[in-house]
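Here the structure comes first, spelled out in structure tokens, and everything after it is commentary.
The values are calculated or read from the model by the stated rules, or taken from the named source; none is laboratory data. Everything numeric in this text was worked out from a predicted model, so none of it was measured. In this analysis, Cβ positions are derived from the backbone assuming ideal geometry, glycine residues included, and neighbour counts consider all displayed protein chains.
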Amino acid sequence: MGSGSSVNANYKYSLQKSENAFKAAVLIQRWYRRYVARLEMRRRCTWRIFQSIEYACEQDQIKLHNFFSYLMDNFTPSSSKERDFISRMFISGESFKEAELEKYCDYESLEVPDSYTGPRLSFPLLPDHATALLEAFKQKQQLHARYVLNLLHETRKHLKQLPNISHVSTCYSEEVTVCGDLHGQLDDLFLIFYKNGLPSPSKSYVFNGDFVDRGKQSLEILIILFTFLLIYPKEVHLNRGNHEDHMVNLRYGFTKEVMQKYKLHGKKILKMIQNVFCWLPLATMIDQKVLVIHGGVSDTTDLDMLEKIQRNKFISVLRGKKRKESNRNVEVKEINGESQAEPDSAGNETMSSLPSQPRPAQAPSMTNRVEFSRWVRQTVQEQIEWCRKLVDISDSEEEELTCSSLVSLTDLDGPCWTRQEEWKQILDILWSDPMPQEGCRENTVRGGGCYFGPDVTGNILEKYNLQFLIRSHECKQEGYEFCHNRKVLTIFSASNYYEIGSNRGAYVKLGPDLVPHFVQYQANKTAHTLTMTQRISRVEESAFRALREKLFAHTSALISAFKLYDKDNTGKITLSNWATAVESVLRLGLPWRMLRPQLVRSTADGMLEYKSWLDDLAMEQRSQEHIQSSLLEVIYRNRSNLETIFRIIDRDHSGLISFEEFHQTWKLFSSHMNIELTDDGINDLVRSIDFNKDGNIDFNEFLEAFRLVKQSQ
Amino acid sequence: MMGRAGICKDGVIAEIEKKITEAFEVFDRDGNENVDVREIGSIVRSLGCFPTEAELHELLAKVEEEEPTGYVHLEKFLPVMTKILLDRSYRPIPEDVLLHAFEALDEKKSGYITKEELVKHMTEEGVDTPSSSNPVAFMSAYRLEHFPGEPFTEEEMEEMLSSALDPETNAVHYRDYISMMIVDETDDLPQ
């Protein structure tokens, strides 16, 4: 064939080559797309893990109230000492009348030494003070307690003049910027100011609550926000969030932060902040068309009532719920981590029911009059305190609760009823979440507020002639999210909330046309240098660490559940049954089959040897081997509540409680949880940390000892 | 017939269905058993399948509504996906096949592909190639068939480069890249 055929052969060869190359490319693309999809699945699963654990944690609040209710309703103190101890838990601190507050939180007597190099504030505040503060905080300096207290006093004075619902108009300053949860993440606030500019007469801001807790610089954020509030009162607006609440702060870190930073004056600062929080406005209205609230709305939300409430009466918005006697066993078992069929949350408990009254302790004999009258007074006092605790109202200047008015209070109707309605209005505004389905039902996950559907939103918008709602309260991957057909906007400003790389933060700007413009950001340089894979892996690791801890904390219950599928006692179960069993115990609603590859490393013939799997989880807690495992589990499951209880007992916020108090707490707690705990058992607990602080226990140290050790990289 | 783990065939199907439902729910935003049609690819792939874009389109045709709503309902998806998993369609690409593929793009067999070359191959819109590589057929019936490519979007290309490209050499050293990327693809379907 000669040269012709070799040309053809070359041509054929090169065509073949390009065909191969093309096919190779398609194959690589096929493979790569599968890789990306798997990554996306992992990302979403990680997000689910974090969210379900976060909301499960909020259920701790319910468990805590159950514990307190248990103490009130069922526990019979075996000694007056025990009764005293219990009653101390319910007195969350003295309530101050106005004049007393000023005196207690006095700042003028505080001397600022010459050696102090931080910013010095004078009132009225000027823009220079704000820039000085920003600069100081960037340099990690601390504001002197005197100025902190002074600032808080002035803030309180200012807030008292404000109505419950602030009004903003876009005709004064062209744009309004709305920011969501910050949660102590100062870097995010700096980023927002950097990208958007500082508050000024031409730059209005609305900060929609949750300034504190979780992040480590909550106090700095408050100081900055309050400073700008005082400098630009027309342009800066703050809404109260559910974390602007001292009961929540006990659990989520703000109280701890203040006490660590201000060892001498922290208690005063906290007291002032408590009083400032309750004076924060509840909502902001933009151009009468856009309602900005922290949580959401309910089908009973009434803006007219909200405007008229005395908002400062509600220092803490948290409360326990009435439990029907028949449900109690169910709850105790649930707390113990055993699986239970859940009672239908939609029907049973109504938000308007109240916890049952304290049963007075045994009355002393009538023969000793002095004793008896003291007992009566004490019992009555307890009753009064209990009612106060219901809504945690401050000492009212007008009302004097006397023995005679006690009758109407014990009726638990009448005066308390109106308080009830008011309380519900605030609770709903601060705690509710939107849901896709129509209707309005109790938010059992958070233990407060409700889930509201698009119909509820529609009704509110129509009733008050609004265009849409802006709220925060829920972390969103992109920093913001619309729902209810773009009628509800969630804006969340704390980036990397769960972990570095977990989510962006965002803020929204509205002009006179009220069309939202978003700016997103992520406040951590390292997040940008990581590839998508690395970012997702890192967040994933963090999520799974938390999940493994949860699994460990339910070891006993898991073994029982696994045994149900292993009647022949082979020690093995199928992976399918593993998934079902784990969900029945943990009840986190997670896609366990998707998560399995990361949780179960090895199988024997496709079956899981569950005992050794659980042992591996326990391996991470090797240092605590001397403590009985069931107790260990209790600690893990209830660490957040234990911390809160310790903090309540620690009334002077020193971080220390006496050995006696520690002992008492455990005795009560174990009684409530129905677990055996001997004195030796408690001593073992104490030994788990090296304490020698004059017979006191540093409970922070104690609790730190019960965190799963970080997996090495 | 009992399998080695003591599961009968019904059990296998039930387990597959649970797994599909779980994966589906991860992408189900509103909890109403519907997902955006654009997420179906991710769901199918995260269940261990490696379909091409063309194969995915075929699948979509089977699961979409008569009047396309932009959503796919679990009801329709479940049986189709179950069959795919049972039939083991779109099975994984073994590591060595992947390596050969990269080598096919590496003309000089140098162990790396330059950024420009990779971009060219990955964003190729299609190619004309002989419908048969049989030399006799080729000589007698010189026909070309156009194969549509499955080009990367700009985003996909950027993302792949961000992890694959060695910034110092501006090239992809594919052996390293592959070993970094290969995930433990344990086949967790019951036998």
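Quick rundown of the values:
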{"item": "Test for A:Met619: is it surrounded by fewer than 20 Cβ atoms within 10 Å (Cβ to Cβ) and of a type in the set (A, V, I, L, M, F, W, C)", "result": "yes"}
{"item": "Subset tally (residues that are touching a Leu at 6+ places or on another chain (Cβ under 9 Å) and part of a loop (DSSP other than H, G, I, E, B)) for the range A:526-565", "result": "1"}
{"item": "Every pair of residues 6+ apart whose Cβ atoms lie under 8 Å, when the first sits in the range A:30-43 and is more than 22 Å from B:Gly149 (Cα to Cα) and facing chain B (nearest Cβ under 7 Å) while the second is surrounded by fewer than 20 Cβ atoms within 10 Å (Cβ to Cβ) and β-branched (Val, Ile, Thr)", "result": "A:Arg38/B:Val183"}
{"item": "Criterion violated by B:Leu105 - all others in (1) within 9 Å of chain A (Cβ to nearest Cβ); (2) surrounded by fewer than 17 Cβ atoms within 10 Å (Cβ to Cβ) satisfied", "result": "(2)"}
{"item": "The range B:26-38 residues that are modelled with pLDDT of 85 or more, paired with ones that are in a loop (DSSP other than H, G, I, E, B) and surrounded by fewer than 17 Cβ atoms within 10 Å (Cβ to Cβ) (beta carbon under 8 Å, 6 or more apart)", "result": "B:Val35/B:Arg29; B:Asp36/B:Arg29; B:Asp36/B:Gly70; B:Val37/B:Pro68; B:Val37/B:Gly70"}
{"item": "Residue that is nearest to the other protein chains (Cβ to nearest Cβ), among those in the range A:566-612 that are in a helix (DSSP H, G or I) and farther than 23 Å from B:Ala23 by Cβ", "result": "A:Tyr610"}
{"item": "Filter result for the condition that a residue is surrounded by 15 or more Cβ atoms within 10 Å (Cβ to Cβ) and over 19 Å from the mean Cα position of the chain (by Cα), over B:Leu98, B:Leu85, B:Leu74", "result": "B:Leu74"}
{"item": "Tally, over the range A:151-176, of residues that are surrounded by 18 or more Cβ atoms within 10 Å (Cβ to Cβ) and assigned to a helix (DSSP H, G or I)", "result": "7"}
{"item": "Among (1) at pLDDT below 80; (2) within 19 Å of A:Ala546 (Cα to Cα), the one test that A:Leu642 misses", "result": "(1)"}
{"item": "Per-region count, the range A:4-29, residues facing chain B (nearest Cβ under 7 Å) and under 18 Å from B:Glu95 (Cβ atoms)", "result": "6"}
{"item": "Qualifying positions in the range B:87-112 - closer than 20 Å to B:Phe50 by Cα and among the basic types (Lys, Arg)", "result": "B:Arg88, B:Arg91"}
{"item": "Yes/no for A:Leu318 being modelled with pLDDT of 90 or more and among the hydrophobic types (A, V, I, L, M, F, W, C)", "result": "no"}
{"item": "Residue within the range A:546-559 that is of a type in the set (Ser, Thr, Tyr) and closer than 22 Å to A:Val445 by Cα present", "result": "no"}
{"item": "Pair list, Cβ < 6 Å and 6+ apart or interchain, from the range A:577-596 residues that are buried (at least 21 other Cβ atoms within 10 Å of the Cβ) to residues that are aromatic (Phe, Trp, Tyr)", "result": "A:Ala579/A:Trp592; A:Ala581/A:Phe562; A:Val582/A:Trp592"}
{"item": "Positions within the range B:3-25 being facing another protein chain (nearest Cβ under 7 Å), within 19 Å of A:Ile573 (Cβ to Cβ) and either within 21 Å of the chain's Cα centre (by Cα) or modelled with pLDDT of 90 or more (or both), in sequence order", "result": "B:Lys18, B:Lys19, B:Glu22"}
{"item": "Those helices (runs of 4 or more DSSP H) lying entirely in the range A:239-314 with at least 2 residues in contact with a Gly (Cβ under 8 Å, 6 or more places away or on another chain)", "result": "A:254-261"}
{"item": "Residue tally, condition among the polar types (S, T, N, Q) and either more than 7 Å from chain A (Cβ to nearest Cβ) or within 24 Å of A:Gln437 (Cβ to Cβ) (or both), over the range B:26-69", "result": "3"}
{"item": "Any pair with Cβ under 9 angstrom, 6 or more apart, that starts in the range A:637-665 at a residue that is under 17 Å from A:Cys57 (Cα atoms) and ends at one that is of a type in the set (D, E, K, R) and not in a helix (DSSP H, G or I)", "result": "A:Arg639/A:Arg707"}
{"item": "Residue match in the range A:298-305 (condition: modelled with pLDDT of 90 or more, surrounded by 14 or more Cβ atoms within 10 Å (Cβ to Cβ), among the charged types (D, E, K, R) and in contact with a Ser or Thr (Cβ under 8 Å, 6 or more places away or on another chain))", "result": "no"}
{"item": "Contacts under 7 angstrom Cβ, first residue in the range A:177-191 being crowded, with 24+ Cβ neighbours inside 10 Å, partner in a helix (DSSP H, G or I) and of a type in the set (Asp, Glu), 6 or more apart", "result": "A:Leu182/A:Asp188"}
{"item": "Selection within the range A:201-232 - touching a helix residue (DSSP H, G or I) at 6+ places or on another chain (Cβ under 8 Å) and either assigned to a loop (DSSP other than H, G, I, E, B) or among the polar types (S, T, N, Q) (or both)", "result": "A:Gly209, A:Phe211, A:Val212, A:Asp213, A:Arg214, A:Gly215, A:Lys216, A:Gln217, A:Ser218, A:Thr227"}
{"item": "Candidate set from the range A:556-575 (those that are in contact with a Ser or Thr (Cβ under 7 Å, 6 or more places away or on another chain) and at pLDDT 90 or above); member that is farthest from A:Phe706 (Cα to Cα)", "result": "A:Ala561"}
{"item": "Among the residues listed as A:Gln520, A:Gln467, the single one being surrounded by fewer than 22 Cβ atoms within 10 Å (Cβ to Cβ), at negative phi and in contact (Cβ under 8 Å) with a residue 60 or more places away in the chain", "result": "A:Gln467"}
{"item": "Residues that are free of Cβ contacts under 8 Å to residues at least 40 places away in the same chain and either hydroxyl-bearing (Ser, Thr, Tyr) or part of a helix (DSSP H, G or I) (or both), drawn from the range A:117-130", "result": "A:Thr117, A:Ser122, A:Asp128"}
{"item": "Test set (1) among the hydroxyl-bearing types (Ser, Thr, Tyr); (2) under 25 Å from the mean Cα position of the chain (by Cα); (3) modelled with pLDDT under 90 - A:Ser408 fails condition number", "result": "(2)"}
{"item": "Filter result for the condition that a residue is among the aromatic types (Phe, Trp, Tyr) and closer than 20 Å to A:Ile675 by Cβ, over A:Tyr610, A:Tyr636", "result": "A:Tyr636"}
{"item": "Residue in the range A:668-686 that is touching a Gly at 6+ places or on another chain (Cβ under 7 Å), of a type outside the set (D, E, K, R) and at pLDDT 80 or above present", "result": "no"}
